[in-house]
Structures are given as C-alpha cells and as structure tokens.
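Encoded as structure tokens, the structure appears first; notes follow it.
Derivation of every value follows stated rules applied to the coordinates shown; laboratory data play no part. Every value quoted in this text rests on a predicted model; they were computed, and no experiment measured them. Here the Cβ positions follow ideal geometry from the backbone for every residue, glycine too, while neighbour counts run over all protein chains shown.
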Amino acid sequence: MLSILYIIVLVMVLNRFKRKNEENVEANQKCQYASQAAAQWLGLRLQFIGVAMVTGIGLIAVLQHQFDAADPGILGKKLGNICIKLQF
C-alpha cells in the first residue's frame, strides 16, 4: 500500500517537473530568439557603416587622383588596409 502511494507521489512530481521544464525551455527559446535578432540587426548596421566608409574613402581617393593630389599606389594601399581592418 505504501509503495503505491510513493508511485502516485512520484508521478505527480514528474508531471510537475515536466511542466516546469517546458516553461523554462520556452522562456529560454524566446530569449535566444530575441538575442539572435538583435545581434543580426547590429551586424547589419555595422556592415552598412563599413560600406559607407569604404565608399566615401574610395570617392575621395578618385577625386584626389583626378586632381593629382595623391599617388594612386598610396591610395590603393590605404584602401586595402582599411578593407583588411573592416574585414571585407
């Protein structure tokens, strides 16, 4: 009789554990999804900033080359270094 009572209590504890575990997993998935979305948005913004910087520097280099204000080799080297630092 006592063993049946233990089994009933264990089943109730197991069901409570399953419910709590499902709630925790669902909350964890919501947080992970929000975190990944924020990280992707930040990455996209940083890529846009990098593209704008490289485009601007490229345009300045072209203008300086047109007006013979800078050496094309140095401009190419500087633009290459910027691309390496921005990991393009």
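Numbers below:
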| quantity | calculated |
| --- | --- |
| Whichever lysines have a C-alpha closer than 18 Å to that of Lys85, once near sequence neighbours (fewer than 8 apart) are set aside | Lys77 |
| Helix axis angle, 72-85 relative to the chain longest principal axis, alpha carbon, degrees | 10 degrees |
| Summed side-chain charge close to Asn24 - residues other than Asn24 whose Cβ falls under 14 Å, Lys, Arg +1, Asp, Glu -1 | +2 |
| HN-Hα J in Hz across the range 14-21 - Karplus 6.51, -1.76, 1.60, θ = phi - 60°, x for Gly and Pro | 5, 5, 5, 5, 4, 4, 5, 5 |
| Computed over the range 37-88, the ratio Rg/Rh where both radii use C-alpha atoms and Rh is Kirkwood | 1.13 |
